[in-house]
1. At 0.36 nm per residue, minus the direct Cα-Cα distance, what do A116 and I316 gain on full extension? Give it in nm, one decimal, please.
2. Convex hull volume of the Cα atoms in segment 339-400, per residue, in Å³?
3. Could you give the alpha-carbon Rg of segment 368-418 over 2.2 N^0.38 Å, rounded to two decimals?
4. Work out how much length L59 to R73 would gain on full extension: take 0.36 nm times their residue separation and subtract the Cα-Cα distance, in nm to one decimal.
5. Determine, from the Cβ-Cβ distance of I353 and W261 and an R0 of 22 Å, the FRET efficiency 1/(1 + (r/R0)^6), rounded to the nearest 0.05.
6. Counting Lys and Arg as +1 and Asp and Glu as -1, what is the net charge of the other residues whose Cβ lies under 11 Å from the Cβ of P242?
7. Mind listing P(r) for segment 66-132? All alpha-carbon pairs, 5 Å bins, whole percents.
8. Would you mind counting up the charge near L121? Only other residues with Cβ under 14 Å from its Cβ, with Lys and Arg at +1 and Asp and Glu at -1.
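Please treat every number below as a calculation from the coordinates, not as lab data. Since the structure is predicted, the reported quantities are computational estimates derived from the model, not experimental observations. All Cβ positions, even for glycine, are placed from backbone atoms using ideal geometry, and neighbour counts span all protein chains on display.
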Amino acid sequence: MTDLIDAPAPSAPSAVAGAETTSAAGSPPQPNAAGVRATRLRPLLRPAAYYVASRVAVLAAALVATTIYPRLRLVQSMGSLWDGRWYLKIAEHGYPHQLVNEGNGSRWAFFPAFPAAVRALAEVTRLSLPDAAFVAAFVFGLTSALAIWLAVREVFGSRLADRTVLLYVFCPTAYILSMAYTEGLFLTAAAACLFALSRRYWLTAALCACVAGLTRNTGAVVVLAVVVTALPAAWRGRSLRPAVAAAVAPLGLASFTAYSWAMVGTPVAFLTSERFWQGQHFIWFMTPLEGLVAAVGQGPGGQTFVPDAMAGAALILGCVGIWLLDRMGRPGGATLVGGGRITIPASWWVYTIGALLAAYSAYFTDSIPRYTMAAFPLFVAFAWALPRRMDAAVVGVMACLQGALLIAVLSIAVHPVLVPLVP
């Protein structure tokens, strides 16, 4: 187990101050502003490279899918498949004035941030909406990898941040970062929020929470992370700025609920509308447990074995990840170079546990594996526990699984009857 990690990077002001002191003492002159900026951005090349490499693997799997299904229109399918078609409808037409079944579903179940970004990108680039959705998903996947790297580096150091992003972009369900879904945008906002909270950038954290609240209902967990961090800081320091952050953070989620209340008469239209999907409703975190039991009971030959087994695996991995994350913060757990002990911020615990509970409350088992990705601090825990010599083998296996899942998902674009079988 890797229990020694590098110290978090110093804050930007400290680094600049050190450069100025050295220059004044007669060392080589301080680089210009562009050089300083390039030096600060250079570490981001590693997580960016990991993300691009993972997308190359995804593209290879997608090309395999096109050879299996020659009728498959790749970019259009990845920009409009499953939930993607609902986001495209919102991007094109907005929300309806009534809460009605629009054909086994409703636009009100989906939040506005991603379709707004798709519409804006289409207007600027003149791309079609499916193409714009595909491009937006790629960009938000990249920004999510960078935001996660920054957040993890701030608490655990850059070496563990590198390995965390590697596991994140190659995990089996990360194919979703190349489809018209909200995972990339939401994780960008959530990770950037935790990074900002670590730096005490209160307004930035609050604005990130607003974006998360406009992206999906799990944004409530990001808002809670801001509130539980900002209010004690405001009380201890008698400071106005964190108090303002705590007040601003819920505004994104609140604005969407207020809009739905005004339009269709309920502030929780995003929950009420779920009944149009086969009576979907909140079931108190039991879906993954039921999926695990069903997978064991029916065996590999069962009709829904794959999504049930993946939901059960998400439950097990989530529990193991929480245990490992707890071990990292205990005496004898993770330590910084130089002997310092890791302290995991309360905001990380609030966000991680809240994101897991939200994922496990899904009605359908096939949604749970990708929902669990939102709890990205678990990738930190597994990166810490995984011996470095196993990195290549684990990434290789996950990349193959990711490609196989993508091919299965794309198959429903040609054979919609396969929907119940695909996670």
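1. Working it through step by step, the gained length comes to 68.4 nm.
2. Output value, Cα hull per residue: 89 Å³.
3. Taking the Cα Rg and dividing by 2.2 N^0.38 Å, one obtains 1.49.
4. 3.7 nm is the gain from fully extending L59 to R73.
5. E(calc), rounded to 0.05, equals 0.15.
6. Here the charged neighbours net out to +4.
7. 3, 17, 25, 21, 15, 11, 6, 1, 0
8. -1
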